[in-house]
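Heads up: the structure comes next, in structure tokens.
The values are calculated or read from the model by the stated rules, or taken from the named source; none is laboratory data. Keep in mind that this is a model prediction, so the values were computed, not measured. Don't worry about glycine lacking a Cβ; one is built from the backbone with ideal geometry, like all the others, and counts go over all protein chains shown.
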């Protein structure tokens, strides 16, 4: 659905997007993560044929962003960062206006259908200026989908929303996935990306990493084995650090009365955990529980964007 | 073209719900012809006790040959009507400056331009829709008061006064040709201004700059007795056309997706 090759955008001497090569297959929910000012919106604008690349190529729905922008805009939906609705017009009038611009047959029926789908039909004749942020965002999402596009760009869809409204919007995006639509989700909300996306890219002018959310976490930090013991014995650390597959071992920080927990980083827990446990038991450890701890996507993201320094 | 009509319809729908703008447009559009009709009536029916000199045309006012030998009432009515020609030409400038500022800078201020530009609309269709949404109300609110004044003048003034004022060639040319040109010039000016301005209020104030030459002409007309001849009107029109030739290409160049999204100064920095 999206294929870019060394896509670059410069604003004067400043390079906002540097040689982006990316493929997003049809039906995927693709998360585009990055801090504010990383160039996410610029990428989205280039892919939606709103601004032209300085260098490189991009095809969206098989169409060239440089020469077939008009056709691309007909086939994609876009949710911009601010809802951008006409405050004096009602929800239905806003949607009908856009339906007409997209050349939708029976624009009024389509606008009503979208409002019904969003459970907003009770508010269809109310001016949008009276809506809460969450309601306005739902109308803005409906606007992006009014012409039933196969590809939807969503720029920070839950930005500024309260938890309830964010939940509703996320639920709606989940519904898009179920309908088989391709979603390009620009966000810096990691829990959102983790819940919704099939794959994510961490981006800061260029792609820093691209993988499934789970793959990104594991690839960056691996996983750790946590072992809860009945009592603390520092000689255990020396014993397990001598094992060739252990890369680090330390006591996990906790309250003074918490039971001691060993946190051990090792190559592959499935293969190496039995040898690790054997070693601990041989040195007199009394084990209560063994569990796996995975790094969060947030840790992976912060480390990739340089906001978190790794030891 | 269909999308241009969609834009035009939406703009007019939006305008009809904006009481602040409607009042700003309708009050002067009603007030000016009312004042002109009142002046015409008072000149034709002087209140008892009013000194005859009060209604005598100023000595520096050049009278057309058709009014040679006309009575003092007709001359007073002629003198009363003359300033309203230039005053009437203020509408084609003020109305679009209010409307274009609201529809272009207002969209920028409200963040509605980007979703609009993300649709398949071509930028010329959008610009034309926006321009028509300013030009059409401006012309309606210029022509309607004129038609009202014309009807009133035909009832209140002798034919020679009507013929030398509202039905004279300069008036008709001014209303039918100069007014639409002035309206278009104002819209183009506002499009150019929109690239740098982020508030509707600022755009309104800058739009008012275009009124200054007209106000200056009204002052000269009243104080120095300037007669608006066909030559004067054609001279003004030539200046307007020259300015249109300069502003239209700049406005069209500035009103492109890329330029609007990247180079226009956006609201909030």
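In the range A:124-141, the residue that is farthest from residue A:3 (Cα to Cα) out of those that are surrounded by 20 or more Cβ atoms within 10 Å (Cβ to Cβ) and within 12 Å of chain B (Cβ to nearest Cβ) is A:128. The listed residues are A:162, A:211, A:155, A:171, and the only one of them that is surrounded by fewer than 20 Cβ atoms within 10 Å (Cβ to Cβ), over 21 Å from residue A:269 (Cβ atoms) and touching a residue at least 12 places away in the same chain (Cβ under 8 Å) turns out to be A:162. The listed residues are A:273, A:257, and the only one of them that is out of contact with any helix residue (DSSP H, G or I) (no Cβ under 8 Å at 6 or more places or on another chain), farther than 15 Å from residue A:233 by Cα and modelled with pLDDT under 85 turns out to be A:257. I'd like to check something: does the range B:22-44 contain any residue that is within 14 Å of chain A (Cβ to nearest Cβ), in a helix (DSSP H, G or I) and under 25 Å from residue B:145 (Cα atoms)? For the range B:22-44, residues within 14 Å of chain A (Cβ to nearest Cβ), in a helix (DSSP H, G or I) and under 25 Å from residue B:145 (Cα atoms): present. Checked against the criterion of being in a helix (DSSP H, G or I) and surrounded by fewer than 19 Cβ atoms within 10 Å (Cβ to Cβ), the candidates B:66, B:11 yield just one match: B:66.
Yes/no matrix, rows are residues, columns are (1) under 22 Å from the mean Cα position of the chain (by Cα); (2) surrounded by fewer than 18 Cβ atoms within 10 Å (Cβ to Cβ):
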{"residue": "A:11", "(1), (2)": "no, yes"}
{"residue": "A:16", "(1), (2)": "yes, no"}
{"residue": "A:26", "(1), (2)": "yes, yes"}
{"residue": "A:54", "(1), (2)": "no, yes"}
{"residue": "A:64", "(1), (2)": "no, yes"}
{"residue": "A:76", "(1), (2)": "yes, no"}
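Can you confirm whether the range A:74-88 contains a residue that is without any contact (Cβ under 8 Å) to a residue 60 or more places away in the chain and away from chain B (no Cβ under 11 Å)? No, there is no match, as no residue in the range A:74-88 is without any contact (Cβ under 8 Å) to a residue 60 or more places away in the chain and away from chain B (no Cβ under 11 Å).
Among the residues of the range A:180-202, is any in contact (Cβ under 8 Å) with a residue 24 or more places away in the chain and over 30 Å from residue A:8 (Cα atoms)? Among the residues of the range A:180-202, not one is in contact (Cβ under 8 Å) with a residue 24 or more places away in the chain and over 30 Å from residue A:8 (Cα atoms), which makes the answer no. Set side by side, the residues A:118, A:196 differ, and just one is closer than 29 Å to residue A:62 by Cβ and in contact with a helix residue (DSSP H, G or I) (Cβ under 9 Å, 6 or more places away or on another chain), which is A:196. No other residue among A:62, A:31, A:56 is in contact with a strand residue (DSSP E or B) (Cβ under 6 Å, 6 or more places away or on another chain), within 25 Å of residue A:177 (Cα to Cα) and more than 8 Å from every other protein chain (Cβ to nearest Cβ) apart from A:31. Hey, does the range B:119-129 have a residue that's farther than 30 Å from residue A:94 by Cα and either away from chain A (no Cβ under 14 Å) or in contact (Cβ under 8 Å) with a residue 40 or more places away in the chain (or both)? Checked against the condition, which is being farther than 30 Å from residue A:94 by Cα and either away from chain A (no Cβ under 14 Å) or in contact (Cβ under 8 Å) with a residue 40 or more places away in the chain (or both), the range B:119-129 yields no hits at all.
Do we find a residue being free of Cβ contacts under 8 Å to residues at least 24 places away in the same chain, more than 14 Å from chain A (Cβ to nearest Cβ), in a loop (DSSP other than H, G, I, E, B) and surrounded by fewer than 17 Cβ atoms within 10 Å (Cβ to Cβ) anywhere in the range B:159-167? I'd like the intermediate steps shown before the answer.
As a first pass, look at the range B:159-167 and keep what is free of Cβ contacts under 8 Å to residues at least 24 places away in the same chain: B:159, B:162, B:167.
From what's left, more than 14 Å from chain A (Cβ to nearest Cβ): B:159, B:162, B:167.
Cutting the leftovers down to in a loop (DSSP other than H, G, I, E, B) gives us B:167.
Now narrow it down to the ones that are surrounded by fewer than 17 Cβ atoms within 10 Å (Cβ to Cβ): B:167.
Scanning the range B:159-167, I find at least one residue that is free of Cβ contacts under 8 Å to residues at least 24 places away in the same chain, more than 14 Å from chain A (Cβ to nearest Cβ), in a loop (DSSP other than H, G, I, E, B) and surrounded by fewer than 17 Cβ atoms within 10 Å (Cβ to Cβ), so the answer is yes.
Would you tally the residues in the range A:219-232 being buried (at least 17 other Cβ atoms within 10 Å of the Cβ) and modelled with pLDDT under 90? Counting residues in the range A:219-232 that are buried (at least 17 other Cβ atoms within 10 Å of the Cβ) and modelled with pLDDT under 90 gives 4. Restricted to the range A:97-117, and to residues there that are in a loop (DSSP other than H, G, I, E, B) and surrounded by fewer than 18 Cβ atoms within 10 Å (Cβ to Cβ), the residue that is farthest from the other protein chains (Cβ to nearest Cβ) is A:106.
Residues of the range A:233-254 that are in a strand (DSSP E or B) and either at pLDDT 90 or above or crowded, with 18+ Cβ neighbours inside 10 Å (or both): A:246, A:249.
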